[in-house]
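Just passing along the structure, written as structure tokens.
The values are calculated or read from the model by the stated rules, or taken from the named source; none is laboratory data. Model, not experiment: these values are computed from the prediction. Glycine gets a Cβ as well: all are built from the backbone with ideal geometry, and neighbour counts include every protein chain shown.
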């Protein structure tokens with residue numbers, strides 16, 4: 001089944017907010033074998049909304065829409081939908097009562113604009129919103145379905161998981177299965193990999209597609225199989241994965257679609273090791289990536305974010321003379337940070353960073369983007385000086401990914 | 001000037017990757033007074049690309065495109081563009097030589113697929129890509145312009161800032177100015193604010209629009225002014241901002257469009273205070289948010305991520321008996337963590353969190369989503385127990401935002 005997503009919000013078109021809804025929705029739809037063929041982001045304006053709906057319905061039967069349902073006057077979606085589907089607005093007592101309970105439960109007062117949240121088109125089925133006040137609306141027209149949901153990510157997710165996906169499945173009956181398998185590969189460029197896999201790609205069964213998804217230092221290989229026989233697809237995918245392992249061997253460091261921190265977590269768990277971080281320029285981002293993984297408390301003990309030299313000395317035990325002689329952004333200091341945090345947190349492995357994330361603080365000798373990274377397992381510590389060019393956020397992000405990759409590499413080389 | 005963005009990538013439509021490019025591009029275009037009226041995300045398929053371009057050109061003159069320019073076989077954009085604009089593919093020696101230098105500089109070998117990167121349509125102007133191997137292509141057709149850029153965020157950003165925006169300005173001449181002012185408001189719901197600002201909205205000059213951008217606990221009020229007299233617009237916006245201050249007073253906690261960590265940073269700098277964090281369930285995310293702000297080293301000393309009780313005791317000095325009696329997720333423990341990290345890092349303020357981010361680890365007494373948060377300035381420490389419902393990521397994010405908000409509130413109440 002093909003579907004499109006329409007995202008409504010001026011805040012997206014002026015670049016104030018990143019749209020995370022459509023990624024999440026696409027991922028959930030995919031898991032149930034539905035394809036998202038287009039995502040369209042438009043303004044809060046009535047004409048745009050109508051045109052986008054017509055246009056989407058000319059290509060697909062199912063349109064999922066988020067945003068534009070707030071109580072304030074910049075939101076016009078509800079009357080536009082009402083008009084598009086040829087209905088009139090009515091006051092829905094059950095939505096009103098649910099919203100009263102919602103407000104009362106939070107000790108808040110309702111006012112005129114929250115009262116308006118209970119106005120809905122008489123041509124839709126209202127799906128209750130258990131975690132907010134904007135009603136979810138299900139419209140049907142011939143073979144077409146449009147579902148309008150709030151733009152607040154949590155409300156949209158609860159609606160999708162709670163009712164919307166289930167109703168869509170029921171409404172359209174069965175469908176092709178789509179299965180994905182992702183392998184994470186390092187030590188190869190995208191183009192180098194594509195040469196190594198030329199024969200493999202030639203021989204792929206027609207029901208399987210291969211895609212390359214590169215991020216710096218890593219290429220994700222994604223196999224997608226489509227068809228009506230799920231068991232057969234699974235078997236074919238298993239064979240393809242095995243073939244890739246035969247070709248790429250140790251260059252595959254993870255058999256799962258996860259983050260680098262997730263891949264590191266798998267290896268640590270498998271080897272029964274633990275990790276801590278000592279971060280200067282990455283400012284806690286490595287710890288944040290590690291702890292974003294459910295169950296990370298099994299192998300992550302803690303971190304010290306040592307932004308000031310004082311914290312580097314007092315908490316991590318980096319000698320004052322070393323900081324004075326080499327500077328905070330240096331090999332001896334990151335190596336001392338790794339050793340210090342391993343001891344402090346009582347772990348078998350550690351990661352440390354010290355660098356200049358910018359935009360200020362660079363020198364000709366150590367320009368913005370210079371980052372010393374050290375990783376260690378027991379007494380074996382390796383370190384490197386990396387150089388990243390870009391914004392502060394980009395440098396922090398790249399240093400984080402490189403640091404995680406270095407520990408993965410060390411762990412997989414360490415027998 | 002109106003423009004549309006087309007984002008190409010199957011990985012976006014299956015929800016594997018979040019599109020951050022269009023937000024950034026929209027924000028940059030807006031700064032120079034260009035409007036983005038639509039963002040369309042489509043697959044790597046030729047028909048979709050052609051249809052999306054035709055459709056965009058039926059509405060606007062300028063189309064910016066990212067993605068689909070990698071060297072591997074899943075990328076078809078270049079030949080499709082060539083065909084659309086009626087050209088033929090040629091081998092561009094200067095792109096080839098630049099890519100040779102690029103590869104040589106990284107100690108890498110070129111192969112057949114990297115050689116193909118130098119093939120470009122003969123109907124475009126090639127803009128060199130200084131940080132990658134995919135050429136940037138500028139197409140013109142009558143009054144229309146299409147610019148195709150790589151999907152790698154860093155390459156796209158360098159292209160936009162380095163050449164693309166400049167060429168677009170030059171190509172289309174002058175234009176209306178669009179100016180934004182954003183105020184961050186707390187202690188109000190979106191609907192409550194909309195009632196308080198009803199008269200203000202009534203009296204807004206026609207060149208100014210007001211939008212409400214709510215995130216949990218905060219509403220951003222965005223004023224947008226459009227016109228040809230930039231000085232006049234500035235003056236009008238200043239008056240509107242002053243009016244809002246008169247109406248909303250202390251409920252406005254920041255006069256700038258930034259993150260909560262940015263707003264906190266402004267207040268800390270203004271008051272000459274410093275901060276540290278002691279994080280359990282937020283796992284470094286608060287420190288990450290604080291250090292994402294340029295110049296944060298002026299007021300941020302460091303953090304301890306105390307995931308294990310051992311680190312809470314040994315590094316932060318939380319008494320073992322306290323942990324045993326109340327558990328790690330408790331008021332006494334977060335308050336001890338705040339006091340401990342303030343002393344350890346030598347700061348005047350601190351934030352601490354301890355909670356259950358899930359999906360495992362919840363109990364009937366302390367279910368997943370229970371987070372104790374404490375904030376302190378000197379001896380004054382306040383704490384609260386928050387409850388968030390949602391995914392691990394969502395709970396970490398909400399706890400982070402709530403913790404930052406609590407310290408902002410404490411600092412602004414502290415005279």
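In the range B:85-107, what residues are in contact (Cβ under 8 Å) with a residue 24 or more places away in the chain and more than 34 Å from the chain's Cα centre (by Cα)?
Within the range B:85-107, B:85, B:86, B:87, B:88, B:89, B:90, B:91, B:92, B:93, B:94 qualify.
Looking only at residues in the range B:335-345 that are under 26 Å from residue A:281 (Cα atoms) and free of Cβ contacts under 8 Å to residues at least 60 places away in the same chain, which one is surrounded by the most Cβ atoms within 10 Å (Cβ to Cβ)?
Taking the candidates together, the pick is B:337.
Look through B:219, B:241 and report the one residue that is within 27 Å of residue A:131 (Cα to Cα) and not assigned by TED's automatic domain parsing to the domain that holds residue B:32.
Numbers: B:241 fails: within 27 Å of residue A:131 (Cα to Cα).
Among B:219, B:241, only B:219 is within 27 Å of residue A:131 (Cα to Cα) and not assigned by TED's automatic domain parsing to the domain that holds residue B:32.
Just checking, how many residues over the range A:384-413 are more than 24 Å from residue B:152 (Cα to Cα) and crowded, with 22+ Cβ neighbours inside 10 Å?
1
Scan the range B:158-167 for residues that are within 11 Å of chain A (Cβ to nearest Cβ) and buried (at least 21 other Cβ atoms within 10 Å of the Cβ) and jot them down. Walk me through how you get there before you give the answer.
In the first step, residues of the range B:158-167 are kept if they are within 11 Å of chain A (Cβ to nearest Cβ); the result is B:158, B:161.
Listed by number, the list holds a single entry, B:158.
From the set of residues in the range B:194-213 that are surrounded by fewer than 20 Cβ atoms within 10 Å (Cβ to Cβ) and within 25 Å of the chain's Cα centre (by Cα), which is nearest to residue B:388 (Cα to Cα)?
B:210
In the range A:3-34, what count of residues is obtained for those that are more than 8 Å from chain B (Cβ to nearest Cβ), modelled with pLDDT of 95 or more and over 30 Å from residue B:256 (Cβ atoms)?
4
Might you check whether a residue that is modelled with pLDDT under 95 and surrounded by fewer than 18 Cβ atoms within 10 Å (Cβ to Cβ) occurs anywhere in the range B:347-360?
Scanning the range B:347-360 turns up at least one residue that is modelled with pLDDT under 95 and surrounded by fewer than 18 Cβ atoms within 10 Å (Cβ to Cβ).
If a residue has to be within 9 Å of another protein chain (Cβ to nearest Cβ) and modelled with pLDDT under 95 to count, how many in the range A:257-290 make the cut?
Going through the range A:257-290 one residue at a time, the tally reaches 1.
From the list B:41, B:37, pick out the single residue that is at the interface with chain A (Cβ under 7 Å from one of its Cβ atoms), free of Cβ contacts under 8 Å to residues at least 40 places away in the same chain and buried (at least 22 other Cβ atoms within 10 Å of the Cβ).
Working: B:37 fails: buried (at least 22 other Cβ atoms within 10 Å of the Cβ).
Exactly one of B:41, B:37 is at the interface with chain A (Cβ under 7 Å from one of its Cβ atoms), free of Cβ contacts under 8 Å to residues at least 40 places away in the same chain and buried (at least 22 other Cβ atoms within 10 Å of the Cβ), namely B:41.
Now for a different question. In the set B:98, B:117, which member is farther than 19 Å from residue B:63 by Cα, out of contact with any helix residue (DSSP H, G or I) (no Cβ under 9 Å at 6 or more places or on another chain), surrounded by 13 or more Cβ atoms within 10 Å (Cβ to Cβ) and assigned by TED's automatic domain parsing to the domain that holds residue B:63?
On the way: B:117 fails: out of contact with any helix residue (DSSP H, G or I) (no Cβ under 9 Å at 6 or more places or on another chain).
The match here is B:98.
Right, another one. Any residue in the range B:393-415 that is over 15 Å from residue B:382 (Cβ atoms) sitting within a Cβ distance under 7 Å of a residue that is part of a helix (DSSP H, G or I)? List the pairs, counting only those 6 or more apart or interchain.
From residues that are over 15 Å from residue B:382 (Cβ atoms), the pairs are B:394/A:154; B:396/B:285; B:400/B:285; B:400/B:286; B:400/B:289; B:401/B:260.
Given the criteria within 11 Å of chain B (Cβ to nearest Cβ), farther than 27 Å from residue B:16 by Cβ and surrounded by 15 or more Cβ atoms within 10 Å (Cβ to Cβ), does residue A:70 qualify?
Yes; evaluated as a whole, the condition is true for this residue.
Quick check: is even one residue across the range A:49-67 free of Cβ contacts under 8 Å to residues at least 40 places away in the same chain, crowded, with 20+ Cβ neighbours inside 10 Å and in contact with a strand residue (DSSP E or B) (Cβ under 6 Å, 6 or more places away or on another chain)?
No, the range A:49-67 has no match at all.
Related question: Any residue that is in contact (Cβ under 8 Å) with a residue 24 or more places away in the chain, part of a helix (DSSP H, G or I), surrounded by fewer than 24 Cβ atoms within 10 Å (Cβ to Cβ) and within 11 Å of chain B (Cβ to nearest Cβ) - is there at least one of those in the range A:324-334?
Looking through the range A:324-334, none of the residues is in contact (Cβ under 8 Å) with a residue 24 or more places away in the chain, part of a helix (DSSP H, G or I), surrounded by fewer than 24 Cβ atoms within 10 Å (Cβ to Cβ) and within 11 Å of chain B (Cβ to nearest Cβ).
Still on this structure: Test residue B:46 against the criterion of being out of contact with any helix residue (DSSP H, G or I) (no Cβ under 9 Å at 6 or more places or on another chain) and either crowded, with 23+ Cβ neighbours inside 10 Å or more than 7 Å from every other protein chain (Cβ to nearest Cβ) (or both), and give yes or no. It would help to see each step written out before you state the result.
Details: out of contact with any helix residue (DSSP H, G or I) (no Cβ under 9 Å at 6 or more places or on another chain): no; either crowded, with 23+ Cβ neighbours inside 10 Å or more than 7 Å from every other protein chain (Cβ to nearest Cβ) (or both): yes.
So residue B:46 fails the test.
Residues that are touching a residue at least 40 places away in the same chain (Cβ under 8 Å): find the helices (runs of 4 or more DSSP H) completely inside the range A:257-322 holding 3 or more of those.
Passing ranges, in order: A:260-271, A:285-291.
Next question, about the same structure. Of all residues in the range B:291-321, which are crowded, with 21+ Cβ neighbours inside 10 Å and more than 7 Å from every other protein chain (Cβ to nearest Cβ)?
If the condition is that a residue be crowded, with 21+ Cβ neighbours inside 10 Å and more than 7 Å from every other protein chain (Cβ to nearest Cβ), then B:293, B:296, B:299, B:312, B:316, B:318 are the ones that fit.
Let me ask something else about it. If a residue has to be surrounded by fewer than 17 Cβ atoms within 10 Å (Cβ to Cβ) and part of a loop (DSSP other than H, G, I, E, B) to count, how many in the range A:132-148 make the cut?
2
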